[in-house]
Amino acid sequence: MSQSFWRKCATCKKEIGHLKIYQKCSVSSCRKNVYCSVTCWDVHVPVMNHKSAWAEEMTAPGPEAASDERPKRRIIVGSKPKESIIPKGDFPIDVLIVASKLKNYVKEKHGMNTSGNVMEALSEVVRRATDDAVEKATIDGRKTLMDRDF
């Protein structure tokens, strides 16, 4: 797979050619993206909330070096899912969220309305988190669900 360019700018998506100058962020945890100019680099700074950062000028590798740069993709196959400690059965699938309280919170804090479908989706998130917490309490040998289980 031979490309006529090295990579694309993370901000404007303009192609950065082989052996061309590009900018990279000085923050060590933000080294994945590349930028075609200091202006494009500057756009990401407030988004990433960097306190003290600068653009480092680099030169893109040539076509032969660029093909060796990215490691081969590895696919890691996980083990089969563990058996749940929680007994299986027919449990009622009720809405667990107080709609009026959530709607007021979203309206007051974010100035947005809340769709009716949100309650069912959020209830499912709460069920999954609760099931995980119950498993932790069971493993600890307790019959009481506590805040530390979440």
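Only the coordinates and a few stated rules stand behind these numbers; no lab work does. Just so it is clear, the structure is predicted and the values come from calculations on it, not from any experiment. Heads up, the Cβs are rebuilt from the backbone with ideal geometry, glycines too, and the neighbour counts pull from every protein chain shown.
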Using alpha-carbon positions, what is the distance between the centroids of segment 1-21 and segment 117-144, in Å? 46 Å
Principal axis dimensions, the chain - Cα atoms, whole angstrom, descending: 63, 44, 29
Calculated FRET efficiency, I139 and L96, Cβ-Cβ r, R0 30 Å, to nearest 0.05? 0.80
Return the long-range amide H neighbours of W54 (sequence gap of 5 or more, or a different chain), with a cut-off of under 5 Å between placed amide H atoms. S26, V27
If you take the charge dipole of the chain about its Cα centre, with +1 on Lys and Arg Cβ and -1 on Asp and Glu Cβ, which of I139, N113, V43 is farthest toward its positive end? V43
Evaluate the charge dipole of the chain about its Cα centre and quote only its size in Debye, nearest 20, assuming +1 on the Cβ of each Lys and Arg and -1 on the Cβ of each Asp and Glu. 220 debye
With contacts defined as alpha carbon pairs under 8 Å and 6 or more residues apart, what's the relative contact order of the chain in percent? 16 percent
I'd like the orientation of helix 38-48 relative to the chain: the angle between its Cα long axis and the longest Cα principal axis, in ° from 0 to 90, rounded to 10. 20 degrees
